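Reading through the structure tokens given below for one structure.
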Amino acid sequence: MHRGCESKLVFSNSGLVGFATGSDHCTEHECGSEVLLSSLTAKSESEADAIDVLRRGQEPVYPDLLESKRIVKFPQQLQFVIAEGDVPEAILGFAPQSLSECTNELRFIEGSKYQDPHVAGAWDSGSFAIRVRGVGYVQALTAFHEALRAGNVVFAATFLKRNERLGGVIMADLTKLSEDDKAAVKQAQKQFDSQLRLKARSRVVELNQEIVRYIGRGVGHLWPIWSDEAETDVVYGLNPGYGVDAEYYGPYTREQLLAWAKANCSYRLIRERAQQPA
């Protein structure tokens, strides 16, 4: 695991709503959470089914976002450890090793205006942990662990925004959500549905394959984007690979990208229009 910066507990009047492990400067770019989701949630084939229905031009029943993020599996690697003492501590996390051995990655930081000195977090693509100290924080994390075992905790990065900067692995207790949180869930569901429609329309894999056929290699990371809020068309963002002469992001149309590839990328690709070679 990589130690997180700005690890946080999120409270409301009803208690501990959730936590964010924080992240270092590289982990969020290098890691996703698919391993954690597959290990701890019942993420089904419903997303793929919805995309298939959309591609056939039919209206799907969209999967429930929260149900796809709810922790319902409790493998041995999902641990909760309390250390008694003058200043009690607790660690909640998912890791192949004992969480008691992770104190180096979960060091408490003193004197930082961005970091609570009684909270530490860490994560990578296949593990996470949140560590707290002090009677009040240990009691709060104990209650959160009970909510987790009761099936009330979800991965919450899509909606637990608040006014705080939250990063890394973010989880929330559904029984503690505020009205603002519930409104954010509804908005996140709309965005989730939109992303399924985008995946159904994007054909980004096929576009990459066409580009490779023209020039014998990829041009970097391509991802689909709606061209406008009405979802009228799909365009593509581009993070150019090494030696690729193109502006970052774009977005670019499919026609721009294919015209550029057919010309063997012999001119600089810019956002406004595909420049023709002189």
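For the chain, a crude dipole built from +1 on the beta carbon of Lys and Arg and -1 on the beta carbon of Asp and Glu, taken about the Cα centre, is about 480 debye to the nearest 20.
If R0 is taken as 35 Å, the Cβ-Cβ distance between residue 46 and residue 255 corresponds to a FRET efficiency of 0.60. Taking the Cα centre of segment 102-218 as origin and assigning +1 to Lys and Arg Cβ atoms and -1 to Asp and Glu Cβ atoms, the resulting dipole is close to 440 debye. Would you work out which of 14, 263, 91 lies farthest towards the positive end of the dipole of the chain, given +1 charges on the beta-carbon of Lys and Arg and -1 on that of Asp and Glu, about the Cα centre? Most positive-ward Cα: 263. Pairs over the 19 Å Cα-Cα cut-off, from the set 43/73; 69/182; 43/69; 73/161; 161/190: 73/161.
If you build a Gaussian network model of the chain, linking Cα atoms that sit under 10 Å apart, which residue out of 18, 216, 136 swings the most? Result for the chain, Cα springs under 10 Å: 216 fluctuates most. Solvent exposure of the chain, expressed per residue, is 53 Å² of accessible area, with all protein chains present and a 1.4 angstrom probe. Applying both filters, DSSP loop and at most 15 other Cβ atoms within 10 Å, to the trypsin sites (Lys or Arg not before Pro) of segment 61-103 gives 73. Counting only Cβ charges, +1 for Lys and Arg and -1 for Asp and Glu, the dipole size of segment 197-270 around its Cα centre is about 320 debye. The relative contact order of the chain, computed from alpha carbon pairs under 8 Å that lie at least 6 residues apart in sequence, is 18 percent. Look at (1) 32, 22, 19; (2) 41, 22, 16; (3) 48, 23, 14: the one that is semi-axes √(5λ) of the Cα gyration tensor in Å derived from this structure is (2). For segment 110-248, the relative contact order is 12 percent, taking Cα pairs closer than 8 Å that sit 6 or more residues apart in sequence and dividing their mean separation by the residue count.
The values are calculated or read from the model by the stated rules, or taken from the named source; none is laboratory data. Model, not experiment: these values are computed from the prediction. Heads up, the Cβs are rebuilt from the backbone with ideal geometry, glycines too, and the neighbour counts pull from every protein chain shown. Ligands, DNA and RNA are stripped out before the accessible areas are found, and what is left, the full protein with its side chains, is counted by its heavy atoms. Shrake-Rupley method; radii C 1.70, N 1.55, O 1.52, S 1.80 Å.
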